[in-house]
Amino acid sequence: MVYSHADAAGWTLYWITYGIMAVTALIFFAMSLRRPIQQRSHHYTSFLIVAIASLAYYAMASQGGNTRIRVYQGPADSYRQIFWARYVDWFFTTPLLLLDLVLLSNLSKLRIAAIMVADIFMILTGLFGAVEARSNKWGWFVFGCIFMLYIFYELLVNVRKGAYARGGQHGMLYSVLLVWLLILWVQYPVVWGLAEGSSTVSSDTEIAWYAALDICAKCVFGFILLLGIESIDRKRAATGSSNKPP
Ligand code: RET
């Protein structure tokens with residue numbers, strides 16, 4: 001039997017990523033305490049994102065949250081370890097990451113809801129494809145890519161307009177975060193295609209690549225956002241202008 005699964009290096013990487021997520025959660029929470037309670041929405045959202053991720057990484061590091069799926073292209077007894085716990089993490093955290101971003105803009109509730117629903121569908125199609133042992137896993141993959149393209153379109157066009165409508169500083173911070181998000185998010189389907197999709201790369205490569213992406217997309221993204229918001233607020237306080245969302 002051929003079974004691609006995590007090795008010692010992979011499990012260690014999971015523990016390290018768990019630690020990074022947990023420490024970042026504590027830092028984001030501490031940062032929120034320095035602000036008046038009405039101005040903590042981004043801090044609480046960012047805290048929740050890394051707190052949820054730390055739980056998912058705890059599950060995967062302790063060798064849970066995975067299952068064995070047959071590799072359809074391989075010989076009859078060829079299998080791969082699939083970590084479904086990441087999809088539980090992404091199911092909750094990717095809508096929150098998008099919320100963090102759209103909160104910088106003055107988008108209508110309906111548009112925000114549409115972006116979140118598309119995101120949830122994107123993650124679910126990834127999960128359905130990952131646990132599928134037949135070639136139609138690529139059908140799920142294509143659906144997921146369509147949802148991702150819709151999200152990118154909304155972020156690049158409508159949300160961006162709404163962020164600049166709130167003022168140049170929000171617009172600038174939004175643009176920086178958007179570029180960071182796009183560079184990272186396009187890599188997820190690439191890893192998926194090479195790992196869960198075609199079983200081309202080893203489990204440890206998959207773990208390392210996803211872990212690096214998750215840390216950049218959650219921790220680094222959160223730091224850029226929170227430090228950016230704090231700096232905008234300081235500048236506004238100095239010039240006496242209001243910080244109320246429109
Ligand atoms: C899948 C496979 C199906 C097609 C597409 C995908 C995209 C996933 C993305 C995940 C982002 C995760 C983040 C996690 C944060 O830590 C589900 C891999 C398009 C974009 C940002």
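The table for this structure:
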{"item": "Cα-projected label distance for T12 with R134, points at 7 Å along beta-carbon direction, nm", "result": "4.2 nm"}
{"item": "Stretchable slack from L149 to Q38, in nm (0.36 nm times residue separation minus alpha-carbon distance)", "result": "36.6 nm"}
{"item": "Dimensionless Rg ratio for the chain, taking C-alpha atoms and the 2.2 N^0.38 Å reference", "result": "1.08"}
{"item": "Heavy-atom surface of the chain, accessible at 1.4 Å and reported per residue (Å²)", "result": "46 Å²"}
{"item": "Dipole axis of the chain (+1 Lys, Arg; -1 Asp, Glu on Cβ), positive-most option in M172, L48, L213", "result": "M172"}
{"item": "Within region 168-189, backbone nitrogen closer than 20 Å to the virtual label 7 Å beyond the Cα of R111 toward Cβ", "result": "168-182"}
{"item": "Angle between the chain longest axis and helix 8-33 axis [Cα atoms, degrees, rounded to 10]", "result": "20 degrees"}
{"item": "Stokes-Einstein translational diffusion, region 69-136 - Kirkwood Rh over all Cα pairs, 0.692 mPa s, 37 °C, in µm²/s", "result": "237 µm²/s"}
{"item": "Over the chain, relative contact order from alpha-carbon pairs under 8 Å, at least 6 apart, %", "result": "22 percent"}
{"item": "Centre separation in Å (Cα based) which lies between region 1-58 and region 180-246", "result": "12 Å"}
{"item": "Anisotropy class of region 130-216 from Cα gyration tensor, a/c 1.5 cut", "result": "oblate"}
{"item": "Under-23-angstrom lysine pairs by C-alpha in the chain, whenever the two are 8 or more apart or on separate chains", "result": "5"}
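The values are calculated or read from the model by the stated rules, or taken from the named source; none is laboratory data. All values reported here derive from a predicted model rather than from experimental measurement. Cβ: placed from backbone, ideal geometry, glycine included. Neighbour counts: every protein chain shown. What goes into the accessible areas is simple: the full protein's heavy atoms, side chains included, and nothing from ligands, DNA or RNA. Shrake-Rupley method; radii C 1.70, N 1.55, O 1.52, S 1.80 Å.
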